[in-house]
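Inspection log for the structure reproduced underneath, given as structure tokens.
The values are calculated or read from the model by the stated rules, or taken from the named source; none is laboratory data. This one's a predicted model, so the numbers in the text were calculated from it and none came from an experiment. Cβ atoms come from the backbone with ideal geometry, glycine included; neighbour counts cover every protein chain shown. Only protein heavy atoms, including side chains, enter the accessible area calculation; ligands, DNA and RNA are left aside. Shrake-Rupley method; radii C 1.70, N 1.55, O 1.52, S 1.80 Å.
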Amino acid sequence: MNKIMSDKRIIAMYTLPALLLILTLIYVPIVMTGYYGLMDWDGIGAMTFIGLENYAAVMTDGAFWSSAWHSFLLALFSVGSLVLYLGVSLVLAGNVKGADLFRKIYLIPMLLSSVAIAQLWMRVYHPTNGVMNRFLTSIGIENPPLWLSDTSIVLFAIFIPIIWQYAGFYIIIYYAALKNIPKELEEAAKIDGASPFQIAYKIKLPLISGIIKVTIVLAVIGSLKYFDLIYVMTDGGPNGASEVMASYMYKLAFRTNDFGYGSAIGFFMLVMILIVTYLIRRATATKDEVQY
Amino acid sequence: MSSNSTAVESSEGVKIGSFRLKITHLLLYVILGIVALVQLLPLVWLLLFSLKDNQEVFNLAPFALPSDPQWGNYARVWTDGNIGLYFFNSVIVTGSSVILTILLASFVTFAITRMQWKLNKLVLGLFMVGLMIPVHSTLIPLFSFFMNVGLMDHHLSIILTYTAFNLPLTMMILLGFYYTLPRELEEAAIMDGCSVHRMFFRIILPITAPVVATTAIINMIYNWNEFVFVNTFISSDSLKTLTVGIQNFIGQYSTDWGAIGATLVISMLPILIAFFILSNRIVEGMTAGSVKG
């Protein structure tokens, strides 16, 4: 038995194809991104080694830091919206009839492609025919905002469909975690006269703190690498007002063919995400995880 | 909040308390209902304008039913817009990636969880770290790699990329299931003179069918909706998938609301149909895939 189940040849056969694939298509590329960042390269012609020039240029590139600031705002906003999702999940997990149907309805936008969502919300925000401004006009607001072409609100306008898209995803995660809490705990608290709010705040939330941390990490990483909706809806515009790191990198590489500089930004993003993930994990680490 | 608390309070004869509880309960449903409405209304609006002509889109109230549903919008975009071809490409790419991903992920997960070797934890770690890598940090090297090996503008480039990037998540969902399989299963099989391959294909894969189904549907959703890789690696219109295809197509029809609506509805339909049939598996897969991260 042991001999057969530790046969090196079979283990290699079962492991190597997948391993080779992620090494070639994930791990080698992230190393190469760092390497290409040292080059002056248009993607087709010969590369010229220019040392840390690209990385130094990134440090003083106002457009990059503006895009990084927008990514950071998106992350803050996404973490903030987790509170909203958590609130809905607490309601949903409180022995509501039809909870299953509700959470499935909430999940629907998450199943759609970002391109379809972006195209749909571009119509929602259409200045004259979009459902948003038709509604605002009908309740008497005379000059409703030009959502996607006003530099002061475009970023906010894009946050809305992002919340809409991800709501169901986080709600089903919180819901599953809340449903895992043993009933006895809640009942004991009730007998002791605790209000639903006290039960939620003092008992339920601490018990699912592990999941909350995971979702914070997911929301932050997701935001820092966010791309699809913004690329389709505004392409970072108007005038860079909704540019994020990934859309800026994409533009530099695949439109201006500055592959060296684009790679440097791609590498920056990677390092930033790894550091931020580490910092969040460390900041939220507790010595003794709550047991139940 | 729960029916239990209602029972406790009414048994104590606190009528006012139970009335208040009913109000709270109603309020909870109102909150949940509003959220559901917010999630659905943009889609309902989309469905409605996909069946209108521009005249009606501009003049009728946004949620008014079309007086004469323009099913022709759907027929028109299906033939004019290559939607049929994009659809077919999406099926090919999604289908191949899902099969390849599940097969490779099952192989590795089996080797890591059921076979005895020293480096298994290290290899597992390598796959799991893959979950954190941002796609954009790999895009330029992948672009130049596929260019060099001649896979640029070829379905294989996206199939392989989807497989690599979905392996970690797929394995994560499979792992829990594989760890719970009883050892006796393998012992009995090997006693009977079964080879490892035979055991894997005849016993292990069939037993893991439920969790494989879950990973399959999750993979299907992610691949069907993927945008960046296709947008970057595929340039021929005839090879584009639905997500990227509709993006280009809508650009040409920017003023024809009915055509845009119909295109979007067509692109969403397969996923929505799958959801109506398999919603439990989808919910399960999405929860499993994230919670363990």
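Which residue is nearest to the chain's Cα centre (by Cα), if the candidates are limited to segment A:208-227 and must be open to solvent by less than 20 Å² (accessible area, probe 1.4 Å) and within 30 Å of residue A:186 (Cβ to Cβ)?
A:219
Can you tell me which of (1) out of contact with any helix residue (DSSP H, G or I) (no Cβ under 8 Å at 6 or more places or on another chain); (2) more than 30 Å from residue A:216 (Cα to Cα); (3) more than 10 Å from every other protein chain (Cβ to nearest Cβ) is the one residue B:147 doesn't meet?
The single condition residue B:147 does not satisfy is (3).
Residue A:152 passes all but one of (1) open to solvent by less than 20 Å² (accessible area, probe 1.4 Å); (2) within 29 Å of residue B:257 (Cβ to Cβ); which number fails?
Status for residue A:152: all satisfied but (1).
Just need a number here: residues in segment B:210-223 that are surrounded by fewer than 16 Cβ atoms within 10 Å (Cβ to Cβ) and closer than 18 Å to residue A:111 by Cα.
Adding up the residues that qualify gives 1.
Anything in segment A:176-227 that is among the basic types (Lys, Arg) and assigned to a helix (DSSP H, G or I)? List them, or say none. Give the derivation first.
At the first step, the residues of segment A:176-227 found to be among the basic types (Lys, Arg) are A:179, A:183, A:190, A:202, A:204, A:213, A:225.
Across segment A:176-227, the qualifying residues are A:179, A:183, A:190, A:202, A:204, A:213.
Out of all the residues in segment B:185-207, which are in contact with a Lys or Arg (Cβ under 9 Å, 6 or more places away or on another chain) and small (Gly, Ala, Ser)?
Of everything in segment B:185-207, just one residue is in contact with a Lys or Arg (Cβ under 9 Å, 6 or more places away or on another chain) and small (Gly, Ala, Ser), namely B:189.
Could you tell me which of the residues B:186, B:226 is within 17 Å of residue B:111 (Cβ to Cβ) and open to solvent by less than 50 Å² (accessible area, probe 1.4 Å)? Talk me through it step by step, then tell me what you get.
Values: B:226 fails: within 17 Å of residue B:111 (Cβ to Cβ).
Every option except B:186 fails the conditions.
Consider residue B:44 carefully, then state whether it is closer than 30 Å to residue A:104 by Cα and either at pLDDT below 85 or within 11 Å of chain A (Cβ to nearest Cβ) (or both).
Working: closer than 30 Å to residue A:104 by Cα: yes; either at pLDDT below 85 or within 11 Å of chain A (Cβ to nearest Cβ) (or both): yes.
Yes; evaluated as a whole, the condition is true for this residue.
Please list, ordered by first then second residue, the pairs with beta carbon atoms under 9 Å, 6 or more apart or interchain, first in segment A:178-203 and of a type in the set (S, T, N, Q), second open to solvent by 50 Å² or more (accessible area, probe 1.4 Å).
Every condition considered, the pairs that remain are A:180/A:292.
In this structure, is residue A:230 at negative phi and either surrounded by 20 or more Cβ atoms within 10 Å (Cβ to Cβ) or at pLDDT below 85 (or both)? Spell out the reasoning first.
Details: at negative phi: yes; either surrounded by 20 or more Cβ atoms within 10 Å (Cβ to Cβ) or at pLDDT below 85 (or both): yes.
The answer is yes for residue A:230.
Go through segment B:90-109 and report how many residues are surrounded by fewer than 23 Cβ atoms within 10 Å (Cβ to Cβ) and within 26 Å of residue B:266 (Cβ to Cβ).
5
Quick one: how many residues across segment B:196-209 are open to solvent by less than 60 Å² (accessible area, probe 1.4 Å) and either in contact with a helix residue (DSSP H, G or I) (Cβ under 9 Å, 6 or more places away or on another chain) or not assigned by TED's automatic domain parsing to the domain that holds residue B:178 (or both)?
Counting residues in segment B:196-209 that are open to solvent by less than 60 Å² (accessible area, probe 1.4 Å) and either in contact with a helix residue (DSSP H, G or I) (Cβ under 9 Å, 6 or more places away or on another chain) or not assigned by TED's automatic domain parsing to the domain that holds residue B:178 (or both) gives 7.
Hey, residue A:249 hits all of (1) in a helix (DSSP H, G or I); (2) more than 8 Å from chain B (Cβ to nearest Cβ); (3) touching a Leu at 6+ places or on another chain (Cβ under 9 Å) but one; which does it fall short on?
Against the list (1) in a helix (DSSP H, G or I); (2) more than 8 Å from chain B (Cβ to nearest Cβ); (3) touching a Leu at 6+ places or on another chain (Cβ under 9 Å), residue A:249 comes up short only on (2).
Given the criterion part of a helix (DSSP H, G or I), within 10 Å of chain A (Cβ to nearest Cβ) and either of a type in the set (Lys, Arg) or more than 19 Å from the chain's Cα centre (by Cα) (or both), identify the matching residue among B:246, B:221, B:282, B:260.
The match here is B:260.
Can you tell me which residue in segment A:74-87 is farthest from the chain's Cα centre (by Cα), limited to those that are open to solvent by 50 Å² or more (accessible area, probe 1.4 Å) and away from chain B (no Cβ under 13 Å)?
A:83
What tally of residues in segment A:181-206 results from selecting those that are within 24 Å of the chain's Cα centre (by Cα) and crowded, with 20+ Cβ neighbours inside 10 Å?
Of the residues in that region, 0 qualify.
Out of the residues in segment A:88-110 meeting the condition of being more than 21 Å from the chain's Cα centre (by Cα) and more than 7 Å from chain B (Cβ to nearest Cβ), tell me which one is surrounded by the fewest Cβ atoms within 10 Å (Cβ to Cβ).
For segment A:88-110, the residue satisfying everything is A:97.
For (1) open to solvent by less than 10 Å² (accessible area, probe 1.4 Å); (2) not hydroxyl-bearing (Ser, Thr, Tyr), each residue gets a yes or a no:
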{"site": "A:248", "(1), (2)": "no, no"}
{"site": "A:259", "(1), (2)": "yes, yes"}
{"site": "A:263", "(1), (2)": "yes, no"}
{"site": "A:274", "(1), (2)": "no, yes"}
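Please state which of the following conditions residue B:83 fails to meet, knowing it meets all the rest: (1) modelled with pLDDT under 90; (2) in contact with a Lys or Arg (Cβ under 8 Å, 6 or more places away or on another chain).
For residue B:83, the exception is condition (2).
Is segment A:197-216 home to any residue that is of a type in the set (Phe, Trp, Tyr) and either more than 11 Å from every other protein chain (Cβ to nearest Cβ) or within 23 Å of residue B:247 (Cβ to Cβ) (or both)?
Checked against the condition, which is being of a type in the set (Phe, Trp, Tyr) and either more than 11 Å from every other protein chain (Cβ to nearest Cβ) or within 23 Å of residue B:247 (Cβ to Cβ) (or both), segment A:197-216 yields at least one hit.
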